[in-house]
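For reference, the structure discussed in these notes is given below.
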Amino acid sequence: MTVIRLLLNIAWFILGGLVMGLAWWLAGILCFISIIGIPFGRACFVIGEMAFWPFGQESHNRKALTGVEDLGTGPLGMIGNVIWFLLFGFWLAIGHLVHALALFVSIIGIPFGLQHLKLALLSLTPIGQTIKTKAA
């Protein structure tokens, strides 16, 4: 991790990353209450980690990345994303959008606001996505 990424991630953590990362983890804990929600909960913890430290990480569609359709990238993944959106996705997206709008007020906050927008889009349909570390 470069020094700039580290500094950006520390500033991010202070400017909303802590709050939204904890929101993702709370959604994950709620998902783990039922057996059916365990795959959703696992995704929440992975994306929550990205919400804590987003600089240097990016999300990818698993089917586009591997070229293979799996349970999360097929029709069941679409149904899972609809259920996810209704239960948690909408609320997490609103949280990221509120943080983004607050950060867009200053020029320095724009890169952080853009990260919140990326996470807001990811929070709408996280099933079938994977998080990868960017090459340095």
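No lab work stands behind these numbers, since they all come straight from the coordinates. Just so it is clear, the model here is predicted, and its values are computed rather than measured. A quick note on method: Cβ atoms are made from the backbone with ideal geometry, for glycine too, and the neighbour counts reach across all protein chains shown.
What to note about this one:
- Counted as qualifying within the stretch 44-136 are the helices (runs of 4 or more DSSP H) with 1 or more residues that are touching a residue at least 60 places away in the same chain (Cβ under 8 Å), more than 17 Å from the chain's Cα centre (by Cα) and under 21 Å from residue 12 (Cα atoms), namely 90-103.
- Verdict on residue 115 being within 25 Å of residue 30 (Cβ to Cβ), touching a strand residue (DSSP E or B) at 6+ places or on another chain (Cβ under 6 Å) and not charged (D, E, K, R): no
- Filtered residue count, the stretch 101-128, keeping only those that are buried (at least 20 other Cβ atoms within 10 Å of the Cβ) and closer than 18 Å to residue 49 by Cα: 11
- Of all the residues in the stretch 99-122, those that are touching a Phe, Trp or Tyr at 6+ places or on another chain (Cβ under 8 Å) and under 22 Å from residue 62 (Cβ atoms) number 1.
- As a summary of the residue check, residue 87 satisfies the conditions (1) under 20 Å from residue 25 (Cβ atoms); (2) surrounded by 18 or more Cβ atoms within 10 Å (Cβ to Cβ); (3) of a type outside the set (Ser, Thr, Tyr) except for the one numbered (2).
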